[in-house]
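A short worksheet on the structure shown next.
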Amino acid sequence: MRTPLVIGNWKMHGTVAEARVLSTAIRDGLKRPRGVQVVVCPPFTALAAVSEILGGGPIQLGAQTCHHEPAGAHTGEISVPMLAELICRWVLVGHSERRKEIGESDELINLKTRAVLSHGLTPVLCVGETADERRQGLTFTTVEGQLRAGLAGLTGDQIAKTVLAYEPVWAIGTGVNATPAQAAEVQGYLRGLLSELSSKEIAQTVRILYGGSVKAENADALLAEPEVDGALVGGASLNAQGFIGIVRKAARIGTAAKE
Ligand code: PEP
């Protein structure tokens with residue numbers, strides 16, 4: 001049984017004051033989430049304030065990226081130990097916006113994944129194809145390349161501590177989500193690859209999230225797919241009630257699976 005996981009990616013949105021309001025509303029609206037794990041990833045500037053508000057409670061803190069070195073002359077960068085100091089336990093790695101806008105390569109993403117693991121935090125490795133790649137029948141080739149490169153050199157134990165997010169680029173921020181069947185097809189494929197890279201047992205424990213225009217209205221159908229172990233939510237996570245609605249749906253599925 002894989003506990004559903006819902007992660008809110010706030011991207012480059014919100015002042016510290018706004019982040020305080022949003023995180024307080026999420027914390028108060030989800031006092032004792034059962035059957036689901038919840039993470040929010042504010043911008044770096046708001047991490048300390050949000051960490052204080054979450055106060056080590058059930059809603060956990062994540063970062064949207066990190067540098068792979070622990071310290072050094074890397075102007076503008078934030079290291080994993082700096083995140084850990086703020087009680088940040090999760091780091092998104094390889095988000096398509098960073099691959100595209102910053103030019104992050106698979107090799108760099110692999111270094112980041114290793115750095116996150118080496119400091120005891122959980123990497124959420126994001127993979128996904130563009131609309132063109134899907135049209136050309138390259139979906140599996142693309143996600144396979146990203147997965148193999150992102151996890152290169154990791155031990156089975158390290159793979160077991162990693163979370164994957166399948167995020168088709170054409171679905172991110174567009175309002176057009178993958179259908180549950182499309183998500184399940186790719187996520188099943190990714191799980192097969194995980195088996196090959198680690199073991200069948202480990203692959204069965206790794207959570208694979210779906211991300212791309214998830215909202216309360218489509219969450220039920222996506223989360224009902226056995227291969228979809230939760231959601232990485234961008235736009236809809238900026239509204240406390242919308243995000244809480246998605247978490248509640250995931251919790252219902254998680255709790256039902258346990259009964
Ligand atoms: C994301 O940022 O990872 C994402 C999936 O965004 P959205 O939910 O807005 O599509």
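Worth pointing out:
- When residues of the range 245-259 are limited to those that are surrounded by fewer than 19 Cβ atoms within 10 Å (Cβ to Cβ) and at pLDDT 95 or above, the one farthest from the ligand (Cβ to nearest atom): Arg248
- Test: Glu225 is more than 16 Å from the ligand (Cβ to nearest atom), of a type outside the set (Ser, Thr, Tyr), within 26 Å of Ala160 (Cβ to Cβ) and not in a loop (DSSP other than H, G, I, E, B): no
- Taking the range 228-244 as the range and being farther than 13 Å from Asn9 by Cα, part of a loop (DSSP other than H, G, I, E, B) and either touching a residue at least 60 places away in the same chain (Cβ under 8 Å) or open to solvent by 30 Å² or more (accessible area, probe 1.4 Å) (or both) as the test, only Asp229 passes.
- Within the range 14-29, the residues that satisfy the criterion of being out of contact with any helix residue (DSSP H, G or I) (no Cβ under 6 Å at 6 or more places or on another chain) and surrounded by fewer than 17 Cβ atoms within 10 Å (Cβ to Cβ) are Thr15, Ala17, Glu18, Val21, Asp28.
- Of the residues Glu52, Glu77, the single one that is touching a His at 6+ places or on another chain (Cβ under 9 Å) and without any contact (Cβ under 8 Å) to a residue 24 or more places away in the chain is Glu77.
- Test result for Leu125, within 16 Å of the ligand (Cβ to nearest atom), in contact with a Ser or Thr (Cβ under 8 Å, 6 or more places away or on another chain) and under 21 Å from Gly56 (Cα atoms): no
- Considering the range 46-77, the residues that are β-branched (Val, Ile, Thr) and surrounded by 13 or more Cβ atoms within 10 Å (Cβ to Cβ) include one that is farthest from the chain's Cα centre (by Cα), namely Ile53.
- Per-region count, the range 35-49, residues under 24 Å from Lys249 (Cα atoms) and either touching a Pro at 6+ places or on another chain (Cβ under 9 Å) or of a type in the set (D, E, K, R) (or both): 4
- Residue in the range 154-168 that is on the phi > 0 side of the Ramachandran plot and either touching a helix residue (DSSP H, G or I) at 6+ places or on another chain (Cβ under 9 Å) or surrounded by 16 or more Cβ atoms within 10 Å (Cβ to Cβ) (or both) present: no
- Residues satisfying the stated conditions in the range 30-45, i.e. surrounded by 15 or more Cβ atoms within 10 Å (Cβ to Cβ) and in a helix (DSSP H, G or I): Phe44
- The range 177-214 - residue that is near the ligand (Cβ under 9 Å from one of its atoms), part of a loop (DSSP other than H, G, I, E, B) and not small (Gly, Ala, Ser) and, of those, least open to solvent (accessible area, probe 1.4 Å): Val214
The values are calculated or read from the model by the stated rules, or taken from the named source; none is laboratory data. These figures come from a predicted structure and were not determined experimentally. Ideal geometry is used to build each Cβ from the backbone, glycine not excepted, and the neighbour counts take in all protein chains shown. When the accessible area is computed, the model is the full protein with side chains, heavy atoms only, and any ligands, DNA or RNA have been set aside. Shrake-Rupley method; radii C 1.70, N 1.55, O 1.52, S 1.80 Å.
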